[in-house]
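The values are calculated or read from the model by the stated rules, or taken from the named source; none is laboratory data. For clarity, every value in this text was computed on a predicted model and none was experimentally measured. Quick reminder, even Gly has a Cβ in these numbers, built from the backbone with ideal geometry, and neighbours come from all protein chains shown. With ligands, DNA and RNA removed, areas are computed over all heavy atoms of the protein, side chains included. Shrake-Rupley method; radii C 1.70, N 1.55, O 1.52, S 1.80 Å.
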Amino acid sequence: MLVISNGAFKSGSTWLYNILRCMTGFPPPPEEFLNPNWVNPSIDPEKLTKFLKEVDFSHKNYLCKNHFGGKYQRDLLLASPNVFILDIKRDIRDVVVSAYYHHRRKGYDESFKNYYWKKGKKVANFVSSYQRNWDVQSTKILIASYEKLHSDFNSETKKIGDFLGIQVSDQLSEQIKTETTLDSLRNRYGESDQSDDSKFFRKGVIGDWQNHFDAKMDQDLEKVQKFSLSHSDKIQVEITKLYTKTKRKIEHLFLPS
């Protein structure tokens, strides 16, 4: 089987990937299909179709980490047998805060307030659309909760195990938890000796947005999410109208004269 640790930008997919790595022990996909610019094994989106056609993952198991967010990618994966997607969902406000510090690591030096109004809103809109895209009914998708992994790790890992057909005992769950703590991940990725400002694994604290958002930002974010939803719905309506109109034209061509 092919197991994909999926998730929107800064939503916890690296943590989820390491949980799955410890749980399954699955190797990464063949190197020729991987994105060379990623630290974790990730299928190059441009090679996804080729991978699904050529690689035998019905008899071999693979694990990768990706940010597949497009509907075409989603439908392509769901149409392929033996593919299982574990997505992770996180409070969008905490995602925006995490994205802010990610961009600070890359050289951004303005305040969070400036970041939110210049960049953060776009991040929130993207993540909102991403989450909605994967919120579909399918036995091949499991949405893990970033917050639940913090509050009840044992229960959430057992749910993940059940989804993959792996029995996760209390002992195994504790072992996975130990191997995927913040400090353990920092050691694994060589960040232990780095300064806090340069670490990929920063805090992982739930509700840290409350130390960054003011009331105006919080209210605006609600509007961003609502606008994103309504905008998406409008696009879907227009696509449906276009499809119906085209279908009628085609049917008209075949009407008896």
Worksheet item: When residues of the range 61-80 are filtered for being in contact (Cβ under 8 Å) with a residue 60 or more places away in the chain, open to solvent by 60 Å² or more (accessible area, probe 1.4 Å) and not in a loop (DSSP other than H, G, I, E, B), how many remain?
Response: 1
Worksheet, complete the sentence: For the range 17-56 the number of residues that are surrounded by fewer than 23 Cβ atoms within 10 Å (Cβ to Cβ) and under 18 Å from E147 (Cβ atoms) is 1
Worksheet item: Does any residue in the range 111-137 that is closer than 14 Å to M217 by Cβ come within less than 6 Å, Cβ to Cβ, of a residue that is loosely packed, with under 13 Cβ neighbours inside 10 Å six or more places away or on a different chain, and which pairs are these?
Response: none
Discussion item. Condition first: of a type in the set (G, A, S), modelled with pLDDT under 90 and either out of contact with any helix residue (DSSP H, G or I) (no Cβ under 9 Å at 6 or more places or on another chain) or assigned to a helix (DSSP H, G or I) (or both). Can you find one or more residues in the range 150-159 that meet it?
Written reply: no
Worksheet item: Where residues in the range 81-131 are touching a strand residue (DSSP E or B) at 6+ places or on another chain (Cβ under 7 Å), not in a helix (DSSP H, G or I) and not β-branched (V, I, T), which of them is most open to solvent (accessible area, probe 1.4 Å)?
Response: K89
Item to complete: Please enumerate the residues belonging to the range 20-60 that are without any contact (Cβ under 8 Å) to a residue 60 or more places away in the chain, of a type in the set (S, T, Y) and either outside any loop (DSSP other than H, G, I, E, B) or touching a Pro at 6+ places or on another chain (Cβ under 8 Å) (or both).
Response: T49, S58
